[in-house]
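First comes the structure, then the notes that go with it.
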Amino acid sequence: VVRCAENVGTPAEPAFGPWQTQPFNLDLTGTFAAGDLNVYAFDLADVDGDGDLDMMGPLTYFNSYSPNGEVERAFFWCQNLGNASAPLFAAPEMAPMGLPDADAGLAAEGLSFGMQMLDLDLDGDLDLVETTYLGYSGDEEFTELRFHENTGSATAPAFGAHAVSPFGLEMN
């Protein structure tokens, strides 16, 4: 269930109104099979360059829903079919623009706890960066910072395979 509280104050003095459920037709519940599926990270960004905010994120599949019985993720995109002042979101599209689906093997492993769309390589289009938890062994936890470069354009994004620890950035 997606919940949102609108800032009815100002940027300098925010004040939030009541919680709204499934605002702007943003409904993730009907698209996915019932069970232990979760969204821990997402971003609202102008993914398709049309001047309004879309929703992009990784959906996490636990145990029996993934092909090998482990934690896996698949990306989804909810395109904003409305506009910046009157958003209206489409149903989620799975594995959009070349991003991994749950059956993508190693590219789909892990649990995403953070995700952001930004122009990290300064080429004029939005890239995707995520922090991914891969598990632990003994007292050591394994995490990765993953960079999905947009090899398409600002209006027609296309993402290739992820790079780990791009530009010398490291996770601890």
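Points worth noting:
- Test: residue in segment 98-118 that is among the small types (Gly, Ala, Ser) and either under 12 Å from the mean Cα position of the chain (by Cα) or closer than 23 Å to PHE24 by Cβ (or both): yes
- Across segment 58-106, the qualifying residues are those that are of a type in the set (D, E, K, R) and either modelled with pLDDT under 80 or in contact with a His (Cβ under 7 Å, 6 or more places away or on another chain) (or both), and the one among them that is most open to solvent (accessible area, probe 1.4 Å) is ASP103.
- Taking the conditions (1) modelled with pLDDT of 80 or more; (2) outside any loop (DSSP other than H, G, I, E, B) in turn, ALA154 satisfies each one other than (2).
- The set of residues in segment 38-62 being of a type in the set (Asp, Glu) and assigned to a loop (DSSP other than H, G, I, E, B) consists of ASP46, ASP48, ASP50, ASP52.
- Filter result for LEU128 (open to solvent by 20 Å² or more (accessible area, probe 1.4 Å), under 17 Å from the mean Cα position of the chain (by Cα), under 21 Å from PHE42 (Cβ atoms) and aliphatic (A, V, I, L, M)): no
- Some residue of segment 140-163 being of a type in the set (Gly, Ala, Ser), open to solvent by 50 Å² or more (accessible area, probe 1.4 Å), closer than 20 Å to ALA41 by Cα and free of Cβ contacts under 8 Å to residues at least 60 places away in the same chain: yes
- Single residue of segment 7-30 satisfying the filter (open to solvent by 90 Å² or more (accessible area, probe 1.4 Å) and within 21 Å of the chain's Cα centre (by Cα)) that is nearest to ASP52 (Cα to Cα): PHE24
The values are calculated or read from the model by the stated rules, or taken from the named source; none is laboratory data. On a predicted model such as this, the values are computed, not experimentally measured, just so you know. All Cβ positions, glycine included, derive from the backbone under ideal geometry; neighbour counts span all protein chains shown. For accessibility, only protein heavy atoms count, side chains too; no ligands or nucleic acids. Shrake-Rupley method; radii C 1.70, N 1.55, O 1.52, S 1.80 Å.
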